[in-house]
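What follows is a single structure, written as structure tokens, with notes after it.
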Amino acid sequence: MSTSDVVIAGGGIGGLSTAFALSRLGLRVRVLEQAEQFGEVGAGIQLAPNCTRILAEYGLLEQATARGVVPDRMVMRDAVDASELTALDLRDLERRYGFPYLVIHRSDLHALFLDACRDAGVELLTEQRVTAYTQDGEKASATTDSGAVHEAPVVIAADGLHSVARRRFADDRPVSSAYVAYRGTVPIASVDRPVDLSEVVVYVGPRCHFVHYGLRGGDLLNQVAVFESPKALAGLADWGTPDELDDAFAGTCEFVRERLPHMWRDKWWRMYDRDPIDTWVDGRIALLGDAAHPPLQYLAQGAIMAIEDGWVLAEHARRRRGAGATVDWEGALAAYQAVRPEHCRRVVLTARAWGELRHLDGRRREQRNILLRARETGDYSFTDWIYGPTALVPEEEPAMFTPIPLTAADRITGVDSVAR
Ligand code: FAD
């Protein structure tokens with residue numbers, strides 16, 4: 001087998017986008033994926049300007065846009081009475097941040113990176129389940145369950161929520177939110193009432209929410225139904241079943257209830273994140289993507305953070321590149337470590353807070369609705385710190401603003417509250 005400059009464990013969106021970013025520097029990159037083939041399960045994914053900016057730099061934005069939909073508005077509605085609470089003008093947002101807000105099928109995004117990696121000569125290996133990581137001086141290695149050892153000057157673990165590599169860094173476990181997501185894409189022609197595909201719509205309701213938007217140039221309608229599972233709260237193993245889906249949305253508006261039979265009702269995703277950790281780099285081994293910072297999906301930034309991680313790491317490697325393929329990896333990894341954990345910590349904790357905001361009930365729901373209705377469409381205080389250019393150094397990281405105190409953050413780190 002040929003030698004590699006970088007070995008990446010995990011061929012999801014994080015691993016492949018990072019492989020492509022590093023291969024653009026002329027580095028020889030090998031990706032080890034445990035599955036029989038590369039691919040993504042699931043439905044749509046939202047890509048905010050902090051991601052489309054990177055796709056543009058990679059020369060992939062045009063293809064991504066051709067495969068997706070660029071909507072005009074993102075609208076938040078109350079799931080009970082369907083009234084509009086607040087909206088983002090996505091065309092104005094594009095002018096503000098310089099890049100579009102795009103929605104795309106996740107398998108299309110994954111395929112885009114896979115094709116780009118193939119064209120760039122990335123070595124793409126399947127059926128390679130990495131079970132151990134070691135290092136010795138200026139070499140690190142990933143060992144698979146078949147006993148194969150893959151060595152390189154740097155090994156990146158992009159092995160997702162249940163990361164094996166993360167055990168080097170933290171003795172933690174995924175945190176259950178007790179929420180579950182159902183997904184479903186249907187041909188738009190099969191939807192028996194008009195749906196405005198120029199909008200991404202989020203219906204927020206008591207302990208539940210429903211999202212829909214168009215995919216593949218408007219041929220498909222993507223739907224996501226998320227709710228809190230009473231069985232999960234009761235500690236039962238069998239949680240998130242379709243009867244719970246129907247019960248959770250029983251009090252929502254007609255449109256949302258009508259869509260429930262059109263979800264994929266034979267599979268569902270239990271929603272986990274992890275508490276943030278401060279250290280992602282150990283010598284020549286680094287965490288990336290969900291392995292480092294799996295979020296709840298309420299800010300739609302999980303895959304984006306993974307793509308940003310790869311872009312930041314590659315940019316620091318580029319700046320520290322010597323003759324041939326030599327890179328000052330200590331310097332590049334230190335620069336990556338200096339900037340990414342703090343940004344992602346903020347996103348993970350803010351996502352939890354937004355989840356609470358979306359799912360309020362009773363008087364707190366009414367108060368939330370009053371505040372959201374009063375928000376100006378052109379108020380970008382909630383998005384500037386996320387959708388602006390990805391920081392390469394801590395000094396570039398913008399001040400953040402969140403609508404409610406990060407109670408979980410208080411417990412974990414004792415730091416962020418409302419604004420900083
Ligand atoms: P994964 O996608 O988990 O990929 C890990 C890869 O590593 C997999 O291919 C796996 O097979 C492989 N692997 C695992 N273990 C090993 C091993 N030991 N050896 C070798 N290979 C291994 N994000 C957004 O940005 N926008 C959104 O709109 C959005 N919506 C979401 C909606 C829902 C309902 C959910 C659940 C998530 C959403 N996300 C969204 C989050 C996003 O899907 C994830 O954050 C992202 O896919 C993480 O990518 P990753 O490559 O880091 O990890």
Worksheet item: Does segment 153-173 include one or more residues that are aromatic (Phe, Trp, Tyr), more than 13 Å from the ligand (Cβ to nearest atom) and at pLDDT 95 or above?
Response: yes
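Residues that are of a type in the set (Asp, Glu): which helices (runs of 4 or more DSSP H) entirely in segment 190-275 hold 3 or more of them?
On the way: elements: 230-233, 242-248, 254-259.
Answer list for segment 190-275: 242-248.
Here's a check for you: in segment 238-272, which residue that is among the small types (Gly, Ala, Ser) and buried (at least 20 other Cβ atoms within 10 Å of the Cβ) is nearest to the ligand (Cβ to nearest atom)? Show your work before the answer.
Taking segment 238-272 first, the residues among the small types (Gly, Ala, Ser) are 240, 248, 250-251.
Those still in the list that are buried (at least 20 other Cβ atoms within 10 Å of the Cβ) too: 240, 248.
Details: 240: 12, 248: 15 Å.
By that ranking, first place goes to 240.
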Worksheet entry | Per-region count, segment 101-145, residues near the ligand (Cβ under 9 Å from one of its atoms) and of a type in the set (Lys, Arg) | 2
Practice prompt. Identify the residue in segment 273-312 that is within 23 Å of residue 141 (Cβ to Cβ), crowded, with 24+ Cβ neighbours inside 10 Å and among the acidic types (Asp, Glu) and, among all such residues, is nearest to the ligand (Cβ to nearest atom).
Written response: 290
Practice prompt. Please work out which residue is surrounded by the fewest Cβ atoms within 10 Å (Cβ to Cβ), limiting yourself to segment 49-64 and to residues that are more than 15 Å from the ligand (Cβ to nearest atom), of a type outside the set (A, V, I, L, M, F, W, C) and closer than 15 Å to residue 98 by Cα.
Written response: 62
Fill in: Failed item, numbered, when residue 199 is tested on (1) within 26 Å of residue 104 (Cα to Cα); (2) surrounded by fewer than 14 Cβ atoms within 10 Å (Cβ to Cβ); (3) of a type in the set (Asp, Glu)
(2)
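Please count how many residues of segment 104-143 are of a type in the set (Phe, Trp, Tyr) and either closer than 30 Å to residue 223 by Cα or free of Cβ contacts under 8 Å to residues at least 24 places away in the same chain (or both). Lay out the reasoning, then the answer.
Filtering segment 104-143 for residues of a type in the set (Phe, Trp, Tyr) gives 113, 133.
Applying the additional criterion that residues be either closer than 30 Å to residue 223 by Cα or free of Cβ contacts under 8 Å to residues at least 24 places away in the same chain (or both) yields 113.
Looking only at that region, the number is 1.
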Discussion item. I need every pair where a residue in segment 312-328 that is under 15 Å from residue 21 (Cβ atoms) has its Cβ under 9 Å from the Cβ of a residue that is in a helix (DSSP H, G or I) and among the β-branched types (Val, Ile, Thr), sequence separation at least 6 or different chains.
Written reply: 312/339; 313/18; 314/18; 316/339
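Table: residues versus (1) among the small types (Gly, Ala, Ser); (2) surrounded by fewer than 20 Cβ atoms within 10 Å (Cβ to Cβ); (3) outside any helix (DSSP H, G or I).
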{"site": "113", "(1), (2), (3)": "no, no, no"}
{"site": "146", "(1), (2), (3)": "yes, yes, yes"}
{"site": "172", "(1), (2), (3)": "no, yes, yes"}
{"site": "186", "(1), (2), (3)": "no, yes, yes"}
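The values are calculated or read from the model by the stated rules, or taken from the named source; none is laboratory data. Because the structure is predicted, anything quoted here is derived from the model rather than measured. Glycine gets a Cβ as well: all are built from the backbone with ideal geometry, and neighbour counts include every protein chain shown.
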